[in-house]
Amino acid sequence: MAINEKFQKQLNDQVVAEHQAALVYTQLAYELDRLSFPGMRDWMFQQAAEERVHAQKFAQHLLDREARVDIETVEMPSLKISTPLDAFEASLEHEKKVSAMIRDLVHTAEEVGDIDSRSLLNFFLDEQIEEEATVSEIIDRIKLVGNDGSGLLRIDSELAKRNA
């Protein structure tokens, strides 16, 4: 199952982007730990683990099609986090970036007639809608409680209950 060279490059870029997302979430977890929000920290660590699974899905797709997985430099954006809201807004911005990359993959797959990637890409289109919606909801809830310590601690406690 040969894969178009342009599309293969984009899939490899996506593997790198998913690893970058894992690092972003790991950094956000460290920042939330520093701010003493262990539930939010754990939520971010679980997101980091999920992003590594996503990277592996893209990598496995390449390998299954006898293409090379080529992880190049994974760059880390600078993250200035002072509050939980900062952390989740950074998360949402990163998810939006990843969503745009997935949509670009879909367009390229259609352009080059790569129907073998359709199920993989459909999974990730759905996944990104869910990711953005989840983080947006958390942001809305944090904004609702504002700087109220008890409200933030309640959200922290709820996020700690996320299933691994």
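The 3J(HN,Hα) values that the Karplus relation (6.51, -1.76, 1.60; θ = phi - 60°) gives for the stretch 8-25 are, in residue order, 4, 4, 5, 5, 5, 4, 5, 4, 4, 4, 5, 5, 4, 4, 4, 5, 4, 5 Hz. Gly and Pro appear as x.
Taking all protein chains as they are arranged and a probe of 1.4 Å, the heavy atoms of residue 144 leave approximately 150 Å² accessible to solvent. Which pairs, out of 9/80; 9/161; 97/143; 9/97, put more than 29 Å between their alpha-carbon atoms? Check vs 29 Å cut-off fails for 9/80; 9/161.
Only Lys, Arg, Asp and Glu carry charge here, each on its Cβ (+1 for the first two, -1 for the last two); on that basis the chain has a dipole of about 340 debye about its Cα centre. Note on surface exposure: 103, 41, 141 rank 103, 141, 41 by accessible area, highest first, 1.4 Å probe. Projection of the Cα convex hull of the stretch 1-40, averaged over all directions and equal to a quarter of that hull's surface, yields 3.6 nm².
Between the listed residues 35, 58, 108, the Cα displaced farthest toward the positive end of the dipole of the chain, a dipole computed from Cβ unit charges relative to the Cα centre, is found at 35.
Charged neighbours of residue 101, selected by a Cβ distance under 12 Å, balance to -1 (K, R count +1; D, E count -1). Subtracting the Cα-Cα distance of residue 104 and residue 79 from their residue separation scaled by 0.36 nm leaves 6.5 nm. The heavy atoms of residue 108 present about 10 square angstrom of accessible area, all protein chains included, probe 1.4 Å.
So, counting K/R as plus one and D/E as minus one, what does the shell of residues with Cβ under 15 Å around residue 160 add up to? Net of charged neighbours comes to +1. The largest accessible area among 123, 37, 7 belongs to the first residue in 123, 37, 7, and the rest follow in falling order (1.4 Å probe, all chains). Look at the Cα gyration tensor of the stretch 5-160: its axes a ≥ b ≥ c give a/c of at least 1.5 with a/b over b/c, and that counts as prolate.
Computed on protein heavy atoms with a 1.4 Å probe, the accessible areas place 72, 5 in the order 5, 72, largest first.
The values are calculated or read from the model by the stated rules, or taken from the named source; none is laboratory data. On a predicted model such as this, the values are computed, not experimentally measured, just so you know. Glycine also receives a Cβ, built like all others from the backbone with ideal geometry; neighbour counts cover every protein chain displayed. To get the accessible areas, we keep the full protein, side chains included, count just its heavy atoms, and leave off ligands, DNA and RNA. Shrake-Rupley method; radii C 1.70, N 1.55, O 1.52, S 1.80 Å.
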